[in-house]
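Shown next, in structure tokens, is the structure this report addresses.
The values are calculated or read from the model by the stated rules, or taken from the named source; none is laboratory data. From a predicted model like this one, the values you see are computed outputs, not experimental measurements. Neighbour counts are summed over all protein chains in view; Cβ atoms, including those assigned to glycine, are modelled from backbone coordinates with ideal geometry. Accessible surface is based on the protein model in full, side chains and every heavy atom, while ligands, DNA and RNA are left aside. Shrake-Rupley method; radii C 1.70, N 1.55, O 1.52, S 1.80 Å.
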Amino acid sequence: YTAQYSVTTASYNNVSYAAGSGVTVYYFPVTALPYNDLEVGLYNFMAPPRPGFTFQNSLYYTNNGTQPMSGTLTFSHDSAVSLISVSQMGTTPTATGFTFDFTDLQPQETRSMLVTMQVPTIPTVSLGQLLINLATITTPDGDIIPENNQSNLTQPILGSFDPNDKTESHGGKIVYANFTADDYLTYTIRFENTGTYAAENV
């Protein structure tokens, strides 16, 4: 942002100080030139995307410029997931996400919203599969940093994977004539987690 500021007095020459003369103040006034710069960003919020669970992205937008701005946000989610809800009222659904028209975003003001999406279960998705969500913001005339008008968030799908094993002591077959009311079915259940995220339910 250096080019958006000017210094009317950058230096003073031949400054001398006489002992006991008191304090002399020199000013270096900096003037901000009018400029436009909108910024948008996407971040993961709380838990990562996991098969069969919902996950959230935090979408923020900031006015880095010197005057109030209005514009449009566009959010597009990965085709593998579905949009569940948006914390911001007034969004307009699209085939791949939503748009949102904002007004009167003040200089240095940041606003945000939470986007909730649903991840399908395995085998529709797989562990390690990358989800790519995209947010863009209207590029105003004369935007000095157009590179921050778009934000991609790439997240791998994480999850537990439980190659469970369950057997019954009779070996999978019971002769009815030999089984009485005093007999039991005795099961051995083995479970483990070889996945990429903590298992919550066994």
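Near Asn148, within a Cβ-to-Cβ distance under 13 Å, what is the net charge of the other residues, with Lys and Arg +1 and Asp and Glu -1?
-4
Just the number, please: carbon plus sulfur as a percent of the accessible area of the chain, 1.4 Å probe, no ligands or DNA/RNA counted.
54
At R0 = 30 Å, how high is the FRET efficiency between Tyr12 and Gln108 if r is their beta carbon distance? Nearest 0.05 is fine.
Calculated transfer efficiency: 0.45.
Using the Karplus equation 6.51 cos²θ - 1.76 cosθ + 1.60 (θ = phi - 60°), what ³J(HN,Hα) coupling, rounded to whole Hz, does each residue of the stretch 165-179 give in order, writing x for Gly and Pro?
With coefficients 6.51, -1.76 and 1.60, one gets 9, 9, 9, 10, 5, 7, x, x, 9, 10, 7, 4, 5, 8, 9 Hz.
Where the eigenvalues come from the Cα gyration tensor of the stretch 122-198, what are the semi-axes √(5λ) of the equivalent ellipsoid, largest first, in whole Å?
Calculated on Cα positions only, the semi-axes equal 59, 11, 8 Å.
Can you give the relative contact order of the chain as a percent, counting alpha carbon pairs under 8 Å and 6+ residues apart?
Dividing the mean separation by the residue count of the chain yields 22 percent.
Please report, in cubic angstrom per residue, the volume enclosed by the convex hull of the alpha-carbon atoms of the stretch 108-148.
It comes to 122 Å³ per residue, whole-number rounded.
Using a simple spin-label model with points 7 Å from Cα along the Cα→Cβ vector, what separation in nm is obtained for Ala177 and Ser82?
5.4
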